[in-house]
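Colleague: First the structure, then my questions, so here it is.
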Ligand code: IPE
Ligand code: IPE
Ligand code: MG
């Protein structure tokens, strides 16, 4: 298969042998992409959704195992009502056609509290998770109504319940106990975070799981982001010296 004019084999030789186990991507810059073209912001979100699919296919081709995509934060409810409504409709329409997930044998898991969504959207999300739950070649987490602080607070709530029920002693609570209550329980921490659009922040994305992640920032806006840009990030990551507090 040819990707960006190069054969898959050729492309793979460019990449490091050891790939990050878990890559987090903050899909930012849709609004600015649209504005630059004199288009309404929703057009940027529609284009961004197309990029999401393209990048997933690319990640599958190069052999990444775990990916997390930030699509809608707990703070994004503060946006104008019509933009939020447009995004909810886009999510629903998008999830109504997931044949490509089956083609890629990819499992999709949502991170974030589904309770805030309409029943129709919530049921659609559950249906999609169920439909692809047996695929294990690649796991994609889609963060919608997700906040890293909310993720940690949820985990704390579960721990408090267990302590209240006498199943757990406070002195037995470890970092692992907290990690086990997060949306990503059982999956590796994030090794590499990629944020397009020029912003140099995490915006409440996987704050626990990114404690030792490497960061890669680029000015490219998410709808323009390509597989080549993803490869550049991975190559850059491979040249970092990860010490984890050691020497
Ligand atoms: C990211 O693009 C998509 C969401 C947060 C839903 P933005 O909508 O934040 O785009 P900019 O940052 O305004 O360009
Ligand atoms: C972060 O982008 C959330 C997503 C990409 C879904 P924002 O555009 O909401 O972040 P801020 O407001 O610039 O920090
Ligand atoms: Mg933004």
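Residues are listed down the side, and each one gets a yes or a no for (1) touching a residue at least 24 places away in the same chain (Cβ under 8 Å); (2) part of a loop (DSSP other than H, G, I, E, B):
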position: 129; (1), (2): no, no
position: 134; (1), (2): yes, yes
position: 141; (1), (2): yes, no
position: 149; (1), (2): yes, no
position: 154; (1), (2): yes, no
position: 159; (1), (2): no, no
position: 163; (1), (2): no, no
position: 168; (1), (2): no, yes
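Colleague: Scan (1) without any contact (Cβ under 8 Å) to a residue 24 or more places away in the chain; (2) within 16 Å of ligand 2 (Cβ to nearest atom); (3) in contact with a helix residue (DSSP H, G or I) (Cβ under 9 Å, 6 or more places away or on another chain) for the single condition residue 207 breaks and write down its number.
Modeller: Residue 207 satisfies every listed condition except (1).
Colleague: May I pose another question? Taking the range 66-87 on its own, how many of its residues are buried (at least 19 other Cβ atoms within 10 Å of the Cβ) and out of contact with any strand residue (DSSP E or B) (no Cβ under 7 Å at 6 or more places or on another chain)?
Modeller: The number of residues fulfilling the criteria is 0.
Colleague: Quick check: is even one residue across the range 20-27 at pLDDT 95 or above and surrounded by fewer than 16 Cβ atoms within 10 Å (Cβ to Cβ)? Break it down stepwise before answering.
Modeller: From the range 20-27, those at pLDDT 95 or above are 20-27; that's our starting set.
Still in the list and also surrounded by fewer than 16 Cβ atoms within 10 Å (Cβ to Cβ): 21.
Within the range 20-27, one or more residues are at pLDDT 95 or above and surrounded by fewer than 16 Cβ atoms within 10 Å (Cβ to Cβ).
Colleague: For the range 126-143, indicate whether the set of residues that are in contact with a helix residue (DSSP H, G or I) (Cβ under 7 Å, 6 or more places away or on another chain), farther than 26 Å from residue 21 by Cβ and either surrounded by fewer than 15 Cβ atoms within 10 Å (Cβ to Cβ) or modelled with pLDDT of 95 or more (or both) is non-empty.
Modeller: The answer is no; no qualifying residue exists.
Colleague: Among the residues in the range 182-193, are any farther than 22 Å from residue 19 by Cβ, crowded, with 17+ Cβ neighbours inside 10 Å, away from ligand 2 (no atom under 16 Å from the Cβ) and at pLDDT 95 or above?
Modeller: yes
So that you can scan it fast, the table gives a plain yes or no per residue for (1) more than 14 Å from ligand 2 (Cβ to nearest atom); (2) under 16 Å from the mean Cα position of the chain (by Cα); (3) over 24 Å from residue 153 (Cα atoms); (4) free of Cβ contacts under 8 Å to residues at least 40 places away in the same chain:
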position	(1), (2), (3), (4)
31	no, no, yes, yes
35	no, no, yes, yes
48	no, yes, yes, no
66	yes, yes, no, no
74	no, yes, no, no
79	no, no, no, yes
91	no, yes, yes, no
95	yes, yes, yes, yes
120	yes, no, yes, yes
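Colleague: Okay, next question. Quick check on my filter: what residues within the range 201-231 are crowded, with 17+ Cβ neighbours inside 10 Å and within 13 Å of ligand 3 (Cβ to nearest atom)?
Modeller: Within the range 201-231, 202, 204, 205, 221, 222, 223 qualify.
Colleague: Please work out which residue is nearest to ligand 2 (Cβ to nearest atom), limiting yourself to the range 210-224 and to residues that are farther than 13 Å from residue 22 by Cα and touching a residue at least 40 places away in the same chain (Cβ under 8 Å).
Modeller: Here the answer is 222.
Colleague: Looking at the range 218-237 only, could you name the residues that are farther than 8 Å from residue 196 by Cβ and either away from ligand 1 (no atom under 16 Å from the Cβ) or outside any helix (DSSP H, G or I) (or both)?
Modeller: Those that are farther than 8 Å from residue 196 by Cβ and either away from ligand 1 (no atom under 16 Å from the Cβ) or outside any helix (DSSP H, G or I) (or both): 226, 227, 228, 230, 231, 232, 233, 234, 235, 236, 237.
Colleague: Moving to a separate point now. Can you report the number of residues in the range 64-109 which are within 16 Å of ligand 3 (Cβ to nearest atom) and part of a strand (DSSP E or B)?
Modeller: 5
The values are calculated or read from the model by the stated rules, or taken from the named source; none is laboratory data. Note that the coordinates shown come from a computational prediction; the quantities given were computed from them, not determined experimentally. A quick note on method: Cβ atoms are made from the backbone with ideal geometry, for glycine too, and the neighbour counts reach across all protein chains shown.
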